[in-house]
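The values are calculated or read from the model by the stated rules, or taken from the named source; none is laboratory data. Fair warning: this is a prediction, and the values are worked out from it, not measured in the lab. No Cβ is skipped: glycine too gets one built from the backbone with ideal geometry, and neighbour counts run over all protein chains shown. For the accessible areas, the whole protein counts, side chains as well, though only heavy atoms, and no ligand, DNA or RNA atoms are used. Shrake-Rupley method; radii C 1.70, N 1.55, O 1.52, S 1.80 Å.
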Amino acid sequence: MTETPTILVPEAGSDRLAPVLGTADPVRIAALPLLDAQPAANSGPVLVRSGTLGEPGDPVAEMRTWGPEGWEALTSAVKQALSAGVELLVQPNAFDVLSDAQRCLGLINDIDGARVLLDPASMLTASMLNHADDHIRRAFESLAAHPGTVAVRLADVEPDASDTDGRRLLTKPLGTGVLDVAAVASLVKKHSVTDRPIVLSRDHWQREAESLGILP
């Protein structure tokens, strides 16, 4: 029999993730990326994106974001938050400083107390879709076993038709986009990630959990 997982979903009318199955503390969702504002040091964990240096789509800003300047800004902000007693859960995004699995590893290996959300879909860009299964597999292989990976978000994606550069993706409930749900479910089982909270969509979490094979 499948062990009951802990599933978190965005809570209606609030800025937090709350459990709909299992037991876990609610997770606050920061309104701004970490590089734009330090989260308040209230009780409980807070989910926050790392952010960027400059406007999205600006090539110079992207070079700064992904270069040494962006990394120094992120690590400094994480250390400041941890020193202030903020329980951070940093969410990667392909266009932020924390853009891929290797950067996530660098953060949780280099800074004691740093924690990340394993969020494979958010680390994809449109150019990766032809090999999305491979990118997602490598994200699991890199991060699933690390103690600094304390939660997993599983979502689907589709190309963002409004993006004039054709690089960005829209996040969707699992099974409603272009990703291979069976491949994701296989990785969930292989890497035993249901020992930590799983983040799914608010309105479709039961169907998503069923497709992943994680319901008891």
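Some points to look at:
- Distance from the alpha carbon centroid of the stretch 14-90 to that of the stretch 202-216 works out to 27 angstrom.
- Helices of the chain meeting both criteria, an alpha-carbon length of 18 angstrom or more along the long axis and an average Kyte-Doolittle score not below -1.0, with helices taken as full DSSP H segments, are 68-83.
- DSSP bridge orientation in the chain - percent antiparallel, rounded to nearest 5: 40 percent
- Classified by the C-alpha gyration tensor, the stretch 33-93 has a prolate form. Its axis ratio a/c, with a ≥ b ≥ c, is 1.5 or above, and a/b is larger than b/c.
- With every protein chain in place, the stretch 1-91: carbon and sulfur % of accessible area (1.4 Å): 54 percent
- Taking amide H atoms as placed 1.01 Å from N in the peptide plane, the amide H of residue 151 lies under 5 Å from those of 118, each 5 or more residues away in sequence or on another chain.
- For residue 87, the residues whose modelled amide H falls within less than 5 Å of its own, excluding neighbours fewer than 5 places apart on the same chain, are 46.
- Karplus 3J(HN,Hα) series, Hz, for the stretch 33-45 with 6.51 cos²θ - 1.76 cosθ + 1.60 (x for Gly, Pro): x, 4, 6, 9, 6, 7, x, 5, 8, 7, 6, x, x
- Positive-pole candidate from 27, 70, 47, dipole of the chain, charges at beta carbon: 27
- Viscosity 0.692 mPa s, temperature 37 °C, Stokes-Einstein D of the chain from Kirkwood C-alpha radius, µm²/s: 187 µm²/s
- In summary, the convex hull built on the alpha carbon positions of the stretch 171-216 has an orientation-averaged projected area of 3.3 nm².
- Per residue, the solvent-accessible area of the chain (1.4 Å probe, heavy atoms of protein chains only, all protein chains present) comes to 48 Å².
- Max mean-square fluctuation residue, GNM over the chain, Cα-Cα springs under 10 Å, options 202, 153, 115: 202
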